[in-house]
Amino acid sequence: MSLKVIMLGTGVGIPQPGRSQSAILVENDDSALLLDCGAGTLLRLDEVGHDLEALDSVLLTHLHLDHVSDLLALANARFLADLPALHVFGPMGTEAYFRIAKSVYPNLDKMSAAIQELKPMDSFALKGFDIFAEEARHSVTALAYRLESEDKAIVYSGDTEPCPRVANLAKEVDLLIHECSFPEPFDVTNHTTPKKLGSMIRNLGIKRVVLTHLYPQAQGCEDEMAEQVIALSGSPTIVAWDMMSVVI
Ligand SMILES: [Zn+2]
Ligand SMILES: [Zn+2]
């Protein structure tokens, strides 16, 4: 059994060439899950040839616009195509966000989504994945996720400062997809830089690391950022680009 991860969107709220906003598609043998749904996700899904019918579940890490801008559009696209309602899993506040956003458009009154709000430490099974939610450290309520499918495991940090809870979640994982918003020597809160990440994940037995959620300030620093994480962690690390796929 293998898992395929397609980095649909690796950017942030500030536009930049080649990086759409946050979205990751994870496929097992039978189905697929979307992690986050920032602006550009619908276009990227079409570009990778993933049809709407096969995508009925989204996990949101948090409710910042660069992670949810295309959520209403995706739910509406399924409604327009006569498909069952989109399943949305997200932190507390997701139900209110969806309801209020939808209320701005009176023509969407028949469009619905099945919303399930999650708390840290929640776990559930979905589409062949066992999913664990954990609290990340960001400017708003935010979750990181661990997805396990048979003998493979992936962790996605969402937006976070380096945080022991996320590190613990990522122990011995096959693939850690971690945000790395800024290069060195930026000193930031709510986000992660390469040296702090590399130190955090040292000795955790993580087999591969993919860095995502890059601000424009990271342009031209991608190789150096990956090397800094490798030097401190010992884990093979690459910087993601949109449409890059990783098979584990
Ligand atoms: Zn954020
Ligand atoms: Zn973000």
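Please tell me if A142 is open to solvent by less than 70 Å² (accessible area, probe 1.4 Å) and within 16 Å of ligand 2 (Cβ to nearest atom). Judged against the criteria, A142 is a match. Taking (1) of a type outside the set (S, T, Y); (2) in contact with a Gly (Cβ under 7 Å, 6 or more places away or on another chain); (3) buried (at least 17 other Cβ atoms within 10 Å of the Cβ); (4) free of Cβ contacts under 8 Å to residues at least 60 places away in the same chain in turn, A39 satisfies each apart from (2).
Where residues in segment 174-185 are more than 16 Å from ligand 2 (Cβ to nearest atom) and aliphatic (A, V, I, L, M), which of them is surrounded by the most Cβ atoms within 10 Å (Cβ to Cβ)?
Of segment 174-185, the ones more than 16 Å from ligand 2 (Cβ to nearest atom) are 174-176, 183-185.
Next cut, aliphatic (A, V, I, L, M) only: 175-176.
Values: L175: 22, L176: 29.
Looking at the filtered set, the residue picked out is L176.
Across segment 153-173, which residue is farthest from ligand 2 (Cβ to nearest atom) among those that are under 23 Å from V247 (Cβ atoms) and open to solvent by 40 Å² or more (accessible area, probe 1.4 Å)? Break it down into steps so the answer makes sense when it comes.
From segment 153-173, those under 23 Å from V247 (Cβ atoms) are 153-158, 169-173; that's our starting set.
Remaining after also requiring open to solvent by 40 Å² or more (accessible area, probe 1.4 Å): 171-172.
Numbers: K171: 24, E172: 27 Å.
Restricting to residues being under 23 Å from V247 (Cβ atoms) and open to solvent by 40 Å² or more (accessible area, probe 1.4 Å), the top hit is E172.
Yes or no: V48 over 22 Å from K4 (Cα atoms) and of a type in the set (A, V, I, L, M, F, W, C)? No, not satisfied.
Does E179 satisfy the condition of being modelled with pLDDT under 95 and of a type outside the set (A, V, I, L, M)? No, not satisfied. Among helices (runs of 4 or more DSSP H) entirely within segment 153-248, having at least 3 residues that are under 22 Å from L8 (Cβ atoms) singles out 222-233.
Listed here are the residues, each with its yes/no results for (1) under 22 Å from F182 (Cα atoms); (2) away from ligand 2 (no atom under 16 Å from the Cβ).
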| site | (1), (2) |
| --- | --- |
| S2 | no, yes |
| T10 | yes, no |
| P17 | yes, yes |
| H50 | no, yes |
| S57 | no, yes |
| V68 | yes, no |
| L74 | no, yes |
| A77 | no, yes |
| P84 | no, yes |
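If you filter segment 1-15 down to residues that are modelled with pLDDT of 95 or more and open to solvent by 10 Å² or more (accessible area, probe 1.4 Å), you find that the one that is farthest from D66 (Cα to Cα) is K4. Give the residue that is nearest to C180 (Cα to Cα), with candidates limited to residues of segment 117-139 that are hydrophobic (A, V, I, L, M, F, W, C) and open to solvent by less than 60 Å² (accessible area, probe 1.4 Å). This residue is A136.
For segment 142-164, the tally of residues that are under 15 Å from the mean Cα position of the chain (by Cα) and either of a type in the set (A, V, I, L, M, F, W, C) or closer than 20 Å to V68 by Cβ (or both) stands at 13. Among the residues that make up segment 52-67, is at least one of them open to solvent by less than 10 Å² (accessible area, probe 1.4 Å), farther than 21 Å from Q116 by Cβ and more than 16 Å from ligand 1 (Cβ to nearest atom)? Among the residues of segment 52-67, not one is open to solvent by less than 10 Å² (accessible area, probe 1.4 Å), farther than 21 Å from Q116 by Cβ and more than 16 Å from ligand 1 (Cβ to nearest atom), which makes the answer no.
The values are calculated or read from the model by the stated rules, or taken from the named source; none is laboratory data. Bear in mind the structure is a predicted one, so any value in this text is a computation, not a measurement. Cβ atoms come from the backbone with ideal geometry, glycine included; neighbour counts cover every protein chain shown. Note: areas computed on protein heavy atoms with side chains; ligands, DNA, RNA excluded. Shrake-Rupley method; radii C 1.70, N 1.55, O 1.52, S 1.80 Å.
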